[in-house]
Each structure stands twice: as structure tokens, then as C-alpha cells.
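Inspection log for the structure reproduced underneath, given as C-alpha cells.
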Protein chains: 2
Amino acid sequence: MDWTQRPSQALLTDLYELTMMQAYVEESMEAEAVFDLYVRRLPPTRNYLLACGLDDVLRYLETLRFDAAALDYLRSLGGFSERFLRYLQQLRFRGDVYAVLEGTPVFAYEPLVQIVAPLPQAQLIETLVMNQISVQTVLASKAARVVAAAAGRSVVDFGFRRMHGIDAGLKAARAFHIAGVSATSNVAAGQIYGIPVAGTMAHSYVQAHDRELDAFRRFVRLYPDTTLLVDTYDTLAGVEQVVALARELGSEFRVRAIRLDSGDLAELAAKARQVLDAAGLSSVRIFASGGLDDTVVAALVNGGAPIDAFGVGTDMGVSRDAPSLDIAYKLVSYAGVDRIKLSPGKLVLPGRKQVYRVERNGVAARDVIALAEEPPQGRPLLVPVMKQGQRVPAGGEHLDEARRRAADETERLPSRLRGLSAADPAYAVEVSPLLQRHYHESARALAPDGE
Amino acid sequence: MDWTQRPSQALLTDLYELTMMQAYVEESMEAEAVFDLYVRRLPPTRNYLLACGLDDVLRYLETLRFDAAALDYLRSLGGFSERFLRYLQQLRFRGDVYAVLEGTPVFAYEPLVQIVAPLPQAQLIETLVMNQISVQTVLASKAARVVAAAAGRSVVDFGFRRMHGIDAGLKAARAFHIAGVSATSNVAAGQIYGIPVAGTMAHSYVQAHDRELDAFRRFVRLYPDTTLLVDTYDTLAGVEQVVALARELGSEFRVRAIRLDSGDLAELAAKARQVLDAAGLSSVRIFASGGLDDTVVAALVNGGAPIDAFGVGTDMGVSRDAPSLDIAYKLVSYAGVDRIKLSPGKLVLPGRKQVYRVERNGVAARDVIALAEEPPQGRPLLVPVMKQGQRVPAGGEHLDEARRRAADETERLPSRLRGLSAADPAYAVEVSPLLQRHYHESARALAPDGE
């Protein structure tokens, strides 16, 4: 990406992280801090979130450096001492990280990532850790709904063109793959993640030829088993052109599918299916795209539309109904002392924690957020993924492991959580009595009239 | 950004662009194509859009190359011939680009960018041109509303942590600057764009100290003219700590502002103002943040809340009420012949065009979309910005020119468009009679029962 200006990696942060860091260093406040990254509440249209983004977080932490350009820029701002800039030059992330593995369903107040590191290091990384977990979890969680709605039919990611920039386009393709999407149109994502890419033709190809049948004929000569886009002028007339091409080519005809991209997809798919079947082309599949999201896909599937695969773009690509999460990264312990804040509506649970998933007959019944020191109360979700700045295991896991985990763990949720409507009752997340006691003790100590 | 896998620049595209390109090359279809990039309809919550993203588009076009890694990856996919891969290796963008300059208000169906280039080149670039214009225009247009709502008070971008990835965070800061936002918390955006950065302290700084007053005292020692965050435990008690600090420091006290980040901001700002004024601290400003967007800012301003500046994060950062645009990139001419498509609800206007803004007494009255060959009908908005792959003027324009243009051009809109509610009547955009005639002629020729 040489074409776009590239910033120094370590400057992908908010300015206040650096002003606070300088103050911590001045005050010799470099004792161990614990920060939790969690979502305060699920969007109303999500029964669970699919944790995603950890791999990029760990790679960032492993390679975090202030280069000369970063230090020069900070010097130019005027507020940082040479002593602090030298400190930054030496800085490496040396902390421990505990996290819920990618592809795991998670709920409100459960730490997705817990950072244990010297306070200045743990503070600096806040912004980018949040940014990456947030966007990838937002997008994986939306895609999980689309995949569920498609009920076994393939879903292909078409969203890059309307997503929020390049990084979103790449991370979306990755998050969608974890959530069960079959392929992406994004070639760069195929290159760097090795996930399947898909794509055949756009309307412009048809338009650039003088007649639709010429366009089909020539495209099929080069790509015999392609998908033909039939709605450039009139969908059913386009399907008839495919039938004409099949007659023309006889046994050479190997077109795999037609694509519908506009109009009433249910009605057009039914009519197209009839036309194709009547012409003996029952092996030609129907691929639908254009304005799809989880609810539209569900309506098409439930209505029995003869659609074999879905191309889903914008609404999944920006997670239109829930484009952000109320995600927080909060100090919960410093120098061995529990820390919370009391800002209204923004609960912080103190201390090192564990999240347990309690299952009955292989189905998740409830989660318990407990202190790390408590005895196990179910299957622990937070696992060590980094020790003193090094990944464990080294290199992390393959993307397909996260994809398998997402499929397995989602299958183990109560079925009411996998539907598109709000689960009733919502999934139960409990705070252990001991953790509750710690919270109330901390709150009492901090209340203005406290002690 | 060495920490994150970096794809080949030229692969930031959809696979179908490449399959179509190979077909065009096979068919020797390399004549001149004209593509329009435009928005089909404005989101219901936008009276206008602020065009943004052109600078990155032009830099991309100037530097577009297939490197060895890109060609190796495409070879691995199996569908591309060695002849086509050699063609890609030689490929440079040599087209002309006409565009509406950044910071210009635009409306539905107006081409923001018009590409005139050999068909394969114009096809390849579709995805990334759309991606960059889309995200930057989405974000600039949202920020314009927040800036309007703040009615002269400063707006600071706090959104990086919850935006859709790194590129979004950078491009947002840039788009927000163009739209009139005063500063960003995003340090990397400050480094690469030279825009002002801002930030002081988070709750974690207060929490990491045993007492709030200790935290304030120490922070002010290092940053005497800082902003103190007062809502970690109890907002008004926090304000009292600031007053205590002022008494303690006497004439040394130079704190510039307090920041409120939770609770009923109108009520807390009013009470904090009283407390500060009563203590002789009327020069201490009040900065508000936490859950703000255009409508909340407007309510605070219209309600007379004594807030001097706003930190706006998530909702502006993802443009929550309109996170995407119905943006299209459509072939409108190939080899000198007008081209359109007829898919329902997706109008394409044929041919090379111009957009004119017709003003009366310095106020925009209506726009006219016309053929480029027609005589001028107002102030032309599309200007040549690239000739045969080279920018004109070389290097493009400074970001601050776009910022000034946004302020000037927005000021020249009818005032009803600058409000937050739907303008009634909406702004008038006309299609010239000649362009209408061209459309109908093209449609007649294409209709299934046509000729």
C-alpha cells in the first residue's frame, strides 16, 4: 500500500495514551496493571457476539516499536520530554495476555481480552486493541446471522466496495471466513489469508457488448463453467439468452449458475428456475445478490425461493443494524489493588478474572464471570495467549481453527440464540458472589461519602 | 504497519474485475470506456453529501502496479493465462479523471468521479475507487452534521477505537478535518496529514492513583494547562476536587478545562459551571463527551448547556445512522456508444457529463446534470484532475483547501439543507432535456421488445 501514506505503527493510538504514559513514567508508576476489554451491552439485534480480532492484536503487540519518524513527530508536538522519547524508543510490549479464542460466542461484561502488563505499556495499546477487536467482532457477529439465515446455502462476501476502507475490507473477509462465509470477492484478502475468492462478471461486461447474448457467448468461451449475470436489461429475457446459449453449445454448455441482482428475487428465482428446468437445465444453479442481509436471506429461504447461494454486500459489510459495539478497555487492577470506576451506567468489575461456560448435555446453559483465583465453575474461556510479549503457542492458530471453533461453539449455544429475533430469555451471564463482593467493597471505598 | 500482513496494492479489488479484464483483453476490447461514480439516493438523514476521498483515489491511480507477489498469487488461482499475467505486469493507469473536488456538497445521481480510460483499466479500479470515495464521503457527510449542530463550538474526533479498522480511523480523521472538525485524538492521522491532535487523560489515570485529587495534582504538575476528566467516581465531587486544586495552586493554576464523560451532560454541565464560577474559575471551560452525535449535540446546544467543546466518538466514527451509501460505478459509454442498464430501481444516465450548480444571490438554487457537450448552465462542478494517468495539478491540493471549500460551499447551500431534519423541499437536481433524450433513446434500443 505504498500509494497511501503510511503512519508509524506505534502512533496508531490516541494522544491521551501518550500524555498519560509520560505522566506514569514521571511518577514511576510502572507497576503491573490489569485491563479488561469487554462489551458493556449487546446490540438489541445480537443474541451473542462472535469474538474476533485476536490474531492482529497479538501480532501488533509482538512487533510494537516507536521508529524514528514516530519520535520525530512526537517531538514536533512540543509536549514530550527527550527523556520520555528515549523511553519510547526502548519500549517493547512485555506483558501477558489472556483472551477468549477467536470464533467463541461471548456476551456482555465478559472480558474478551485481559492484558497484564506494566501500566504504561498496557495504557499505550488501548486504542488499537479496541479498534481491531471491535471491527472484527462486529463483522463476525453480523456474518454469523447471515450464515444462519442461509441455512446451509453458501454465502459469498461482496462488500469490499462499500466497507469502511481497506483494513475493514481485509479484516471483514477474515472475520466472515471465521463466521462461516464461503468465499470473498476481495482478492487481497485471498492473497494474505488464503481464503477462497469468487467472482465472475458485472453488468459493465454485458453493457460493453452490443448484445447480451454476445457477452454471454464470449465469456463462456473463456470461462465455460462460469456464472452469468442475467439482470442487466430484463432478468427473464436474460435467462432466455442463457437457454439460447445452451441450445447453441449443446454438450459443450457447462455454465454453472445464473446470478440475479435486482428486482423481486423470490419471484424472479422461481420463474428463472421454471425456465431453466423446462429447458433441461436443472443443473444450472441460481445465485442471488443485491440488497441482501440476514433478514432478507431468511425471508427468501423460509419462503422456499429456489436460490442456491447468496452474494451479500453492503449491509453485512458495515453491519448496518449494529455498526459498532459499546466496547470498553478498563483498568481493573493496579499494583495489586482492585480498581473500578463509578461513572453512571458504566460498570467496571475489578481484578483478574475468568469466564466459565456451564454446559448441560453439551448445550451452554449459562456463563459465570469469576475471579481468576476462584475454583473452576465450568469450562474456562480465557486462556493465556501471550507471555512476556511472546505468543503462546508461537505463531498463534490457523484461521481455519477459528472457523471450526465458531461452527462448533455456535452449535453448542441454545437454539433460541441462533435465530434472528431476540432470544427470550436472553442467555444468562452471572457474576460470581466473590466477584460481586469485591466490586461492592471497591465501590464503598470510592464513594464520595465512603470509608 | 509491518505487523499486519500487507497485500499487493493492485489486488485491492474484486475478483470479477480481473476475470472481466482477461475477457476484455482476449476480445481486444480496449477502446475508451467512461464510468460514472455516483450515489443513487441520499440516506433519509442526509440533506447533502460532502464529497471526499479523491486524493487517495488519485494517488492509487498514479501508483497502480502488479508486483511479483500479486502475479504469483493470481497464477496460483489457475484461471489466468500467462499472456494475461504479462499484460497485468505492464499495466499502468493511463486514463483521464474528472471529479467534484473534495469538500463540495453533492446530491443523488451526480457523478462524483468520472473515469475515462481503456476499458480494462477503468474496470480494474472500480472496487478501490468506490471503497475510498464511499467511506470518506460517508464520514465527512456525518461530521458536517455534527459540526453544524455544535454551532461554532469545537468538535474533536474521539472515534478511532470503535471505527472499522485502521484505514477507517485515518481516513475518518482526514474527512472530519475537511468537514470542519477541530482536532483528532488519532496520533497517526496527525503524523501523516498534519492535522491537529488532542488528548489529555482517561479514567484509568485517575483510577491508577489512590485518590482523584492526587491524580489531578500530579497531572497538572506535568501539564499545567490541561483538561481534567472529572467523572471517574462522581462528577460534581470531581469538580470540587478541581476547585480544591485551584485553591492549592493559587496563581499557578492554569487548568484550561474539565471534561464530563457520562451522566446527564446538560444538568452536570450547568451545575459544574455554577461550581466553577462560584469559585472564581469562570475561565475553566467545559468539555463534554460520551455517547454524543449530531442530534445529542444539537439538543445540548439548543438547550443552552454551558458546554464549550464536544468530543465525539463512536456514532460519528461509524456514521451510525447512515453507515453506507448506495454508491455505484457504472459504465455509461464504450467505444463512443452510450451505455446504460435497465435493472429495476437502478437508473444509469449515459455518456460524458457535467454537473452545474445554479446559484441565485450566492445561494445554490438547483443543480443540473447535463451532457459534457452542452453549453454551460451554471457553475461546473466536475473538473479535470488527471490526464493520461498524471494528476493535474501535480500533487493535488492541500487538505486545508478542501476544508475551506467545505466551509464555503456549505455556507452557499440553502439554509434548510444545513439543519438536521429532512429539508423540505429537498434540493432540486435536474437532468437536462438533452441527457433525458439520450437516456430514453438508449433505453428504447435496449428494451427486450425494442428497435
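Figures for the structure shown
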| quantity | calculated |
| --- | --- |
| Enumeration of residues in the stretch B:219-245 that are in a helix (DSSP H, G or I) and more than 19 Å from B:ASP277 (Cα to Cα) | B:PHE219, B:VAL220, B:ARG221, B:LEU222 |
| Residue satisfying all of: in the stretch B:379-417; part of a loop (DSSP other than H, G, I, E, B) and without any contact (Cβ under 8 Å) to a residue 24 or more places away in the chain; surrounded by the most Cβ atoms within 10 Å (Cβ to Cβ) among these | B:VAL392 |
| Residue tally, condition exposed (fewer than 13 other Cβ atoms within 10 Å of the Cβ) and either over 18 Å from B:GLU430 (Cβ atoms) or among the charged types (D, E, K, R) (or both), over the stretch B:365-378 | 1 |
| Of all residues making up the stretch B:122-177, the number that are outside any helix (DSSP H, G or I) and not hydroxyl-bearing (Ser, Thr, Tyr) | 11 |
| The one condition in (1) away from every other protein chain (no Cβ under 14 Å); (2) under 15 Å from the mean Cα position of the chain (by Cα); (3) under 30 Å from A:ALA322 (Cβ atoms); (4) surrounded by fewer than 24 Cβ atoms within 10 Å (Cβ to Cβ) that B:LEU101 fails to fulfil | (3) |
| Matching entry among A:ARG86, A:ARG145, A:ARG46, A:ARG92 (being within 14 Å of another protein chain (Cβ to nearest Cβ) and out of contact with any Cys (no Cβ under 8 Å at 6 or more places or on another chain)) | A:ARG92 |
| The stretch A:254-270, subset part of a loop (DSSP other than H, G, I, E, B) and not charged (D, E, K, R), residue farthest from A:ARG221 (Cα to Cα) | A:GLY263 |
| Any chance A:GLY263 is surrounded by fewer than 16 Cβ atoms within 10 Å (Cβ to Cβ) and either in contact (Cβ under 8 Å) with a residue 60 or more places away in the chain or not basic (Lys, Arg) (or both) | no |
| Filter result for A:SER415 (closer than 19 Å to A:ARG360 by Cβ and either in the same structural domain as A:LEU347 (by TED's automatic domain parsing) or at pLDDT 95 or above (or both)) | yes |
| Among (1) buried (at least 16 other Cβ atoms within 10 Å of the Cβ); (2) out of contact with any helix residue (DSSP H, G or I) (no Cβ under 9 Å at 6 or more places or on another chain); (3) more than 18 Å from A:GLN354 (Cα to Cα) - the single one A:TYR439 does not satisfy | (3) |
| A:GLN22 being farther than 30 Å from A:TYR427 by Cβ, surrounded by fewer than 21 Cβ atoms within 10 Å (Cβ to Cβ) and modelled with pLDDT of 95 or more | no |
| Some residue of the stretch A:221-244 being small (Gly, Ala, Ser), within 9 Å of another protein chain (Cβ to nearest Cβ) and within 25 Å of A:ALA51 (Cβ to Cβ) | no |
| Conditions (1) within 14 Å of another protein chain (Cβ to nearest Cβ); (2) in contact (Cβ under 8 Å) with a residue 60 or more places away in the chain; (3) out of contact with any strand residue (DSSP E or B) (no Cβ under 6 Å at 6 or more places or on another chain); (4) among the hydrophobic types (A, V, I, L, M, F, W, C); number of the one not met by A:LEU331 | (3) |
| Among residues of the stretch B:106-139, those that are more than 10 Å from chain A (Cβ to nearest Cβ) and over 12 Å from the mean Cα position of the chain (by Cα), counted | 17 |
| Count of the stretch A:285-305 residues which are surrounded by 14 or more Cβ atoms within 10 Å (Cβ to Cβ), out of contact with any strand residue (DSSP E or B) (no Cβ under 6 Å at 6 or more places or on another chain) and in a loop (DSSP other than H, G, I, E, B) | 4 |
| Candidate set from the stretch A:178-208 (those that are more than 7 Å from every other protein chain (Cβ to nearest Cβ), surrounded by fewer than 24 Cβ atoms within 10 Å (Cβ to Cβ) and part of a loop (DSSP other than H, G, I, E, B)); member that is nearest to the chain's Cα centre (by Cα) | A:GLY180 |
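Table: residues versus (1) in contact with a helix residue (DSSP H, G or I) (Cβ under 9 Å, 6 or more places away or on another chain); (2) under 26 Å from B:ILE340 (Cβ atoms); (3) small (Gly, Ala, Ser).
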residue: A:LEU222; (1), (2), (3): yes, yes, no
residue: A:ASP225; (1), (2), (3): no, no, no
residue: A:LEU228; (1), (2), (3): yes, yes, no
residue: A:THR232; (1), (2), (3): yes, yes, no
residue: A:THR235; (1), (2), (3): yes, yes, no
residue: A:GLU240; (1), (2), (3): yes, yes, no
residue: A:PHE253; (1), (2), (3): yes, no, no
residue: A:LEU265; (1), (2), (3): yes, yes, no
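The values are calculated or read from the model by the stated rules, or taken from the named source; none is laboratory data. Note that the structure is a prediction, hence the values are computed from the model and not measured. Cβ sites come from the backbone with ideal geometry, for glycine too, and all protein chains shown count toward neighbours.
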